[in-house]
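Since the structure comes first, as structure tokens, the remarks are kept for the end.
The values are calculated or read from the model by the stated rules, or taken from the named source; none is laboratory data. Computed from a predicted structure; not experimentally measured. Backbone-built Cβ (ideal geometry, glycine too); neighbour counts: all protein chains shown. Just so you know, the surface numbers come from the protein's heavy atoms only, side chains and all, with ligands and any DNA or RNA stripped out. Shrake-Rupley method; radii C 1.70, N 1.55, O 1.52, S 1.80 Å.
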2 protein chains.
Amino acid sequence: MSLNEEVELLRRIPLFAKIEPAKLKLLAFTSQRLTYKPGDALFRQGDPGDAAFVIVGGEADVTVDTPTGPLKVARLKQNDFVGEIAILCDVPRTASVVAASEVTTLRIEKDLFFRLVTDFPQIAIEIMRVLAHRLERTTTDLREARQKS
Amino acid sequence: MSLNEEVELLRRIPLFAKIEPAKLKLLAFTSQRLTYKPGDALFRQGDPGDAAFVIVGGEADVTVDTPTGPLKVARLKQNDFVGEIAILCDVPRTASVVAASEVTTLRIEKDLFFRLVTDFPQIAIEIMRVLAHRLERTTTDLREARQKS
């Protein structure tokens, strides 16, 4: 893929939509494009958290280890991002992410992640929004689970 | 309180510790200092989310409405911030916050909140970290609650 094609592809990811093309070139240079086969792990629960990922194509499952085996907790689709918790909290991976189809990702190393959110407030706000939405949903689920038990 | 005393007070809040004093003066001018008596609500579940709050002094309880009455889910202390979920998600308040002692807060209106996270990446990163930690803890609690039921 040419650099211009790569930049075009990045621009179609909502998280990067408002970044100038010149700066997207830097992102295209410094992030890694990785492809996974169905069943391959992007990372496993307990791994050190050294990078975040944007799903460029395909779908992946988020699973957590339980005494009775892995439990699927979410399905990731195109444009979703994942893996930022371990980077932000400086903890090992809190879940596994496994390709459900052929999956293409943009792998963003920890240093680059912090550079992006520092240089592009829109990315920081978008990540805050996604975290806040997830937190709101998880808190609602927790309330329901506790009322049942 | 003089403006310099106000700036000194803001500098002692970790969220603002890295901001230059000249810019803290702007924050001191544009944010509101509010005091609540025990039992007063900073906001109630279902209210529109028009501001975030930093707890400057005292303690407050986060409660959610349940069929059997309000359920306490967290205790807020000095330097905690609260109320950013409704701003970020553009939804009504998902919980109530009620003063447990005399409480002093810094009330940061929605527009100022977005200006702060845009102008000061360190604040955005700190808020992301806090959201990520809360999400990690809530997800762990949810997993445990589901395993019990």
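Of note:
- Tally, over the range A:3-58, of residues that are open to solvent by 20 Å² or more (accessible area, probe 1.4 Å) and assigned to a helix (DSSP H, G or I): 16
- Residues located in the range A:118-146, provided they are more than 7 Å from chain B (Cβ to nearest Cβ), more than 14 Å from the chain's Cα centre (by Cα) and not hydroxyl-bearing (Ser, Thr, Tyr): A:ASP119, A:PHE120, A:GLN122, A:ARG137, A:GLU144
- Residue match in the range B:62-74 (condition: in a helix (DSSP H, G or I) and either of a type in the set (Lys, Arg) or under 21 Å from B:PRO48 (Cβ atoms) (or both)): no
- Counting the residues of the range B:108-117 that are part of a helix (DSSP H, G or I) and more than 9 Å from chain A (Cβ to nearest Cβ) gives 6.
- Close pairs from the range A:11-26: first touching a residue at least 60 places away in the same chain (Cβ under 8 Å), partner open to solvent by less than 80 Å² (accessible area, probe 1.4 Å) and part of a loop (DSSP other than H, G, I, E, B), Cβ under 9 Å, at least 6 apart: A:ILE13/A:ASN79; A:PRO14/A:ASN79; A:LEU15/A:ASN79; A:PHE16/A:PHE120; A:LYS18/A:PHE120; A:ILE19/A:PHE120; A:LYS23/A:PHE120
- Residue in the range B:20-43 that is in contact with a strand residue (DSSP E or B) (Cβ under 8 Å, 6 or more places away or on another chain), within 21 Å of B:VAL130 (Cα to Cα) and within 14 Å of chain A (Cβ to nearest Cβ) present: no
- Annotation: B:ILE87 fulfils all but one of (1) modelled with pLDDT of 85 or more; (2) loosely packed, with under 14 Cβ neighbours inside 10 Å; (3) among the aliphatic types (A, V, I, L, M); the unmet one is (2).
- Residue check, B:ARG75 open to solvent by 30 Å² or more (accessible area, probe 1.4 Å), of a type in the set (D, E, K, R) and without any contact (Cβ under 8 Å) to a residue 40 or more places away in the chain: yes
- Filtering the range B:130-149 to residues that are assigned to a helix (DSSP H, G or I), out of contact with any Leu (no Cβ under 9 Å at 6 or more places or on another chain) and among the hydroxyl-bearing types (Ser, Thr, Tyr) leaves only B:THR140.
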